[in-house]
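As structure tokens, the structure follows; a few thoughts come after it.
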Amino acid sequence: MNKKTWLEKAAPGIADLHPYIPGKPIEELERELGLVETIKLASNENPLGPSPLAWSQAQMVLGDVNLYPDDSGYRLRNCLAEFHGVSADAFILGAGSSDVLNMVARAFLSPGVNAVISAHSFAMYAIYTQACGAAAKVADPLPADHVDMPYGHDLDAMLAQVDDHTRVIFIANPNNPTGTWLQRDELKGFLDRVPSDVVVVLDEAYTQYVEDDRFPDGIEWIPDYPNLIVTRTFSKIYGLAGLRVGYGIASPDLLAVIGRLRAPFNVSLPALAAAEKALEDGEFLKQSILTNREGMQQLEAGLDALGLKTIPSVGNFLCVEFERPGIEIYESLLKKGIIVRPVANYQLPNHLRITIGSRNENKMLLNALNEVLSA
Ligand SMILES: *Cc1c(COP(=O)(O)O)cnc(C)c1O
């Protein structure tokens, strides 16, 4: 059988699926172009490396990896319970938070029902939805010339997409790839208006970077909204993307259903150990926030000096607009050993998403961009 025939045999939704395009790995670029000193500003990873506390704890347990990890992640869930001031049975662990997003999709989505998402939001929402044979209903974003939040989520437009067949709504706050965000009042008002039998996934992968006090902590709403699940990850600010660990927080009744989809031992032993310690590493968090704040200022100023427009972002990345297809700039930057992220698959063909790097990485990026644009 050829690929086409296999696709006909595949489960509903698989044939129309466009798989996730990850950031290009450094090793791959070096292999392809014979470069040696390349940098990656493509996947919103932490330029400071992993939390040192987490790193040493992961190393400590490597001698035990002949054993399966604790399936339910009892210790990490209890650390999280203390950290967030929520009971331990309100947590579900995932191999990255995308694992949790996938479980939610598989628990509630199937042919004939739909999930509502916003345009320009995290690609995995639509991918997991379609993989279940369900439809992704995409709400228009706020307009590109909106005064506060260009390209942001339009909650009214999202609500208008909700119908009797809607089972899940995915919201990223802040959103990737735009860096836009939703304020406490508007998001709370939205939750009040969503039918109580529709699951709302509030994806807070970048929440720790946000310094505006109008920014909400979705976890506070869990007791009031039994249909709400908040997801968090250790991949971004904690610097543990390579270990794959994240979590969801929701009412135990909702988690009991979602948890039916969790694969046994889905979070590895070193990932569990590292995540426990990462929660204690307040110093690393502070440093990471500071590095990001300074890097953001550096990049915004540098890009502005190059005459480039950016979408205002509260994350650890910036979406930059060009006057020609982003993919062309991307290719030119690759040749200079710099990996950024094309976002044409997010309906942003003239933008690139650039992760805030270290001071030196940001400088290299700005220099390279200057060369590319003046070439
Ligand atoms: C990076 C990211 C995630 C999570 O990735 P994991 O590594 O699977 O935890 C989730 N949502 C958004 C919006 C992201 O950018």
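The values are calculated or read from the model by the stated rules, or taken from the named source; none is laboratory data. Small disclaimer: the values here were computed from a predicted structure and weren't measured. Reconstructed Cβ throughout: ideal geometry from the backbone, glycine too, with neighbour counts over all protein chains shown. Areas reflect the complete protein model, heavy atoms only, side chains present, ligands, DNA and RNA absent. Shrake-Rupley method; radii C 1.70, N 1.55, O 1.52, S 1.80 Å.
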Quiz item: Calculated FRET efficiency, Asp163 and Tyr20, Cβ-Cβ r, R0 45 Å, to nearest 0.05?
Solution: 0.95
Exercise. Run down the lysines and flag those whose C-alpha is under 28 Å from the C-alpha of Lys4, throwing out any fewer than 8 positions away in its chain.
Key: Lys24, Lys137
Exercise. List the relative contact order of the range 1-153 as a percent without decimals, with contacts defined as Cα pairs under 8 Å and 6+ residues apart.
Key: 22
Quiz item: Quick one: putting +1 on the C-beta of Lys and Arg, -1 on the C-beta of Asp and Glu, what dipole do you get for the chain around its Cα centre, in Debye to the nearest 20?
Solution: 1000
Practice problem: Keeping the other protein chains in place, figure out the carbon and sulfur percent of the accessible area of the chain, with a 1.4 Å probe. | Solution: 52
Quiz prompt | Set of the range 155-180 residues, backbone N closer than 19 Å to the point 7 Å along the Cα-Cβ line of Asp212 | solution = 155-158, 171-180
Self-check item: Exceeding the 29 Å Cα-Cα cut-off - candidates Lys286/Lys335; Lys286/Lys363; Lys40/Lys309
Solution: Lys286/Lys335
Quiz prompt | Mean accessible surface per residue for the chain, computed with a 1.4 Å probe while every protein chain stays in place, in Å² | solution = 46
Exercise. Run through the DSSP bridge list for the chain and note the antiparallel percent, rounded to the nearest 5.
Key: 50
Quiz item: Hey, rough spin-label estimate for Glu220 and Phe83, points 7 angstrom out along Cα→Cβ, what's it come to in nanometres?
Solution: 2.0
Quiz item: Mind listing the Cα extents of the chain along all three principal axes, in Å, largest one first?
Solution: 58, 56, 50
Practice problem: Quote the charge dipole size of the range 178-275 about the Cα centre in Debye, to the nearest 20; the model charges only the Cβ of Lys and Arg (+1) and of Asp and Glu (-1). | Solution: 540
Quiz item: If you take the beta carbon distance between Leu35 and Asp70 as r and set R0 to 41 Å, what does 1/(1 + (r/R0)^6) give as a FRET efficiency, to the nearest 0.05?
Solution: 0.45
Quiz prompt | Dimensions (Å) - the range 20-113, Cα atoms, principal axes, largest first | solution = 50, 47, 30
Practice problem: Only helical DSSP H runs with n ≥ 4 go in: add -39500 (n - 2.57) per run for the chain, normalise by residue count and round the 222 nm mean residue ellipticity to 500 deg cm²/dmol. | Solution: -11000 deg cm²/dmol
Quiz item: How high is the relative contact order of the range 155-306, in percent, counting Cα pairs under 8 Å that sit 6 or more residues apart?
Solution: 17
Exercise. Note the full-extension length gain between Ile327 and Arg260 as 0.36 nm times their separation in residues minus their Cα-Cα distance, in nm to one decimal.
Key: 20.0 nm
